[in-house]
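Input: a single structure, listed below in structure tokens.
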Amino acid sequence: MKKLLIIALMILTGRMVQAQEFTNFTISPATFSAEDEITITFDFTGTNLAGETDLYIWTWANKDAVGFPGKDGSTNTEWGNSPAAAKLTPVEATPNKFTYKMTGTTMYGLAPGQLKHFQFLAKTKSGSKQSPDSKKNVFDPLVFVPSMLRLFPARVGQNDVVSLYFHQDLATTPNEQRMQPTTVTIEVFDNTGAAAGQPVTLPVKNAGTKLWKAYFIPTRSYTPGAGKKFTRFTYKFNGTVQDANNQPVTVSTNVVEVTLADMK
């Protein structure tokens, strides 16, 4: 009888956990498409996972979404033995706080148009403890006018994570078509019209066939002066092409100017 009671209590506890909704997290940027890298920040303070130092994500997409294929995340290999790729990163000097970076198309192995929303939970490596399921987090549809250079989100503020894209398949000049992209150069301007500092050059990464990407946060790369505010920034992608003597020559795309949404 005692064994039956313990089993019943375990089943009831599990159902209670599943009946709740995990809300102790934020996603940055707040709006994102299936092609954009996002950062999930968890805070397990006051939850059953408080005090744990080794936690993992378990995630899935399109649950109950009509017309969309349901799909487990690529890190959902074995419930009782989560892989290193699913491990959450502790936030330094902040107990119970963790982050995890992911991109929808990479995590679920589906095209952007096949992804409606996703959910997740956090767990110990063995699965002996877990959080409730998160709410359904919706992917923004990819609605943009095709262009060689673009950013995401379309409207960004000075504290937002800004993703910069170079769609090389849409390039029209020989240098832009042939270049091997390596960096992006960014320059931020304040409300006086002056440059907020020296241009910043960041590395780019390959985000797909003929697609290159970099990201930055204006207020992380620059510090506004007293009483000043960032109003706009410019960016260009840089790379190399081979000249007639097969020597590398540095080339760049045209410069794009972006007005920040919170300039007023």
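Observations
- Cα-Cα over 32 Å, subset of Lys97/Lys236; Lys136/Lys213; Lys135/Lys228; Lys123/Lys205; Lys63/Lys129: Lys97/Lys236; Lys135/Lys228
- Taking the longest Cα principal axis of the chain as reference, the axis of helix 2-19 is set at about 30 degrees.
- Remark: Asp43, Asp54 ranked as Asp54, Asp43, counting other beta-carbon atoms within 10 Å and listing the fewest first.
- Distance between the 7 Å Cα→Cβ label points at Asn48 and Ala65: 2.7 nm.
- Each Cα pair under 8 Å and six or more residues apart adds its separation to the average, and for the range 149-259 the resulting relative contact order is 30 percent.
- Gain on full stretching of the segment that runs from Thr99 to Val241 - 0.36 nm per residue minus C-alpha separation: 47.3 nm
- The trypsin sites (Lys or Arg not before Pro) of the range 104-210 meeting both criteria, a DSSP state outside H, G, I, E and B (loop) and at most 13 other C-beta atoms within 10 angstrom of the site's C-beta, are Lys135, Arg155.
- Listed by Cβ neighbour count within 10 Å, with the fewest neighbours leading, Phe120, Phe98, Phe22 appear as Phe22, Phe98, Phe120.
- Between the range 55-129 and the range 161-177, the Cα center-to-center distance that results, in Å: 30
- Computed E for Glu92/Thr124 - FRET, C-beta separation, R0 25 angstrom, nearest 0.05: 0.75
- Separation of the Ile27 and Thr209 label points, Cα + 7 Å toward Cβ, nm: 2.8
Where a number appears in this text, it was derived from the coordinates with a stated rule and is not lab data. Every value quoted in this text rests on a predicted model; they were computed, and no experiment measured them. Glycine also receives a Cβ, built like all others from the backbone with ideal geometry; neighbour counts cover every protein chain displayed.
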